[in-house]
Every structure is written in C-alpha cells, then in structure tokens.
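Some notes on the structure that comes next.
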Amino acid sequence: MQCVICSKYAKVDATCHSCQAKMRQVFKELPELHWQAGFFLTPGRSGSGAVSAERSIGINVNALDFVMANDLLTILHSWERVIREDRQLTPPALVAKEPTIEAEVQATCNFHLAHLDWSMSQPWALEFVGEVLGLHAKGRAAAKQFKEQVRRIPCPTDDCKRVVVIDVDNLTADVSCFGCKQSWTVLRLVALAMSNPDRKFFLDVEAIALWLQMTQREVYRLIKKFNIERRGSMYDLSAIIDARKI
C-alpha cells in the first residue's frame, strides 16, 4: 500500500516508517522550538536578509505568537481530544492543568508521542500530520532556524513568464512583477491569475487556508476527498476552490 503522507510504499500501516520517524522527531522538537522562540522576541532582519524599511513595533510578532502558544496548544489539544475520545481515555476536562505554558506544551507533545503509532494509522492521518508540520514550520521560523516560506504565483500578464512573490497575510499590499513591471494588490493579482485557465498555480496548505478563510484541517479534507493535484508540499488552489463549491 502507499503511504498517505508521502505516497511511498508502506508495508502495513497507512503511513511509512520514514514519515512516522519524522513525526516522532517533530514532536520531540516542538517544546524546544517553543522555548527557543523566546530568545527572538526582538525584531531582526527581514526574511530576505535585508533590514526591513517598515517601522518596528519593538517585538517579533511571529516569535511572540509561538511563545504564547495559542495556535500551538489549540491544534495539539484538538487532536488530543480526538485521540482520547476514540481510545476511550481520560477526558480532557478531567486531566490536571499544567502549571505553565511550557509544561503544557511538553505534556501534550508527550501524549502525542505515546499515541503516535496509532494516530498515524488513522483515516485522518494526513490532516493530523499536515497541521502538526505547519506548527513545526512556524516554530522553526520563530526560532530563526530557517527563513519563512516564500510564496510565488505566475504573473497573469500575457507573455510574461515571471513569478510574483506574495504575502498571504497582507492581501491588500501592493506587489510588482520584475518582468513586465505591472503592479497589483495581492487580492487582485490572485484573482487575475486564477481567471487564466492556462496559469495554474500552487500554494502550501497554510497559505490556502489563510486565503480561503478555512482551517487547515478543512483544506486537507478537500485534498483527500477530491485527490487535489500536488507538487511537493503545495496544492492546486483553483482545484481546491472548485472542490469547495461541490
């Protein structure tokens, strides 16, 4: 059978040993990334390596968000609730509250590690892995372990073969194509690109969820249900939009 995560051969389970080992490492790293992000609360250089021209608010918002762990705990606890219910374990309401955020992050990661083999064999494994990898990527960005992902879409101008870098967190920002020199807001650019059936483009699940105002879990369900075309870790945005209408 094929692994539902990487499409490689899996002997028995729905996921291969390689993906299971990767997720085990991810859960071991999340508490460390949460701790390390606290050292990067002061803004530094932009993702391009250049000093940002924008006025600083005095704090690195991405690092602060990860240190506060709102999304981190919300997502991990939501999956923990699913596992506890399905495996008939102690309900979350009866689990003792951890004294600190750090302890809470560590506790839920320990829980997921203990049940990982079972989780990776479930029908929702693809959604589960996608959301956890998204958290891990945010953690690595917050802890400055790599630059945040650059999103590109093809320029919608006829005969222009360039791509335009976009920020899906700032849809009203102006962006320009270095080829044809045209400028648009991100909203307008994506709308124009999608109106051209010959210019298919792909985005990662986090960007698609932000763009369509959906949860990443909902996006993964559409991907799985309609077998959306994939390129690496990115998926066809137009196909997902069409699937959502069905």
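The values are calculated or read from the model by the stated rules, or taken from the named source; none is laboratory data. Predicted, not measured: the structure shown is a model, and the values here were computed from it. Neighbour counts run over all protein chains shown; Cβ positions are idealised from the backbone, glycine included.
For Q106, indicate whether it is in contact with a Pro (Cβ under 7 Å, 6 or more places away or on another chain) and under 30 Å from Q20 (Cα atoms). It would help to see each step written out before you state the result.
Working: in contact with a Pro (Cβ under 7 Å, 6 or more places away or on another chain): yes; under 30 Å from Q20 (Cα atoms): yes.
Spelling it out, Q106 is indeed in contact with a Pro (Cβ under 7 Å, 6 or more places away or on another chain) and under 30 Å from Q20 (Cα atoms).
Suppose we filter V82, V4, V67 for residues that are β-branched (V, I, T), at pLDDT 95 or above and surrounded by 13 or more Cβ atoms within 10 Å (Cβ to Cβ); which single one remains?
Values: V4 fails: at pLDDT 95 or above; V67 fails: at pLDDT 95 or above.
Unique residue meeting the criteria: V82.
Quick check on L113: is it in contact (Cβ under 8 Å) with a residue 24 or more places away in the chain, assigned to a helix (DSSP H, G or I), surrounded by fewer than 19 Cβ atoms within 10 Å (Cβ to Cβ) and in contact with a helix residue (DSSP H, G or I) (Cβ under 7 Å, 6 or more places away or on another chain)? Can you show your working first?
Working: in contact (Cβ under 8 Å) with a residue 24 or more places away in the chain: yes; assigned to a helix (DSSP H, G or I): yes; surrounded by fewer than 19 Cβ atoms within 10 Å (Cβ to Cβ): yes; in contact with a helix residue (DSSP H, G or I) (Cβ under 7 Å, 6 or more places away or on another chain): yes.
Yes, satisfied.
For the condition β-branched (V, I, T), modelled with pLDDT of 85 or more and either surrounded by fewer than 18 Cβ atoms within 10 Å (Cβ to Cβ) or not assigned by TED's automatic domain parsing to the domain that holds E206 (or both), what is the one hit in V132, V150, V164? Break it down into steps so the answer makes sense when it comes.
Working: V150 fails: modelled with pLDDT of 85 or more; V164 fails: either surrounded by fewer than 18 Cβ atoms within 10 Å (Cβ to Cβ) or not assigned by TED's automatic domain parsing to the domain that holds E206 (or both).
Going through V132, V150, V164 in turn, just one is β-branched (V, I, T), modelled with pLDDT of 85 or more and either surrounded by fewer than 18 Cβ atoms within 10 Å (Cβ to Cβ) or not assigned by TED's automatic domain parsing to the domain that holds E206 (or both): V132.
Considering (1) touching a strand residue (DSSP E or B) at 6+ places or on another chain (Cβ under 8 Å); (2) within 26 Å of G38 (Cβ to Cβ), the lone condition that V165 does not fulfil carries the number (2).
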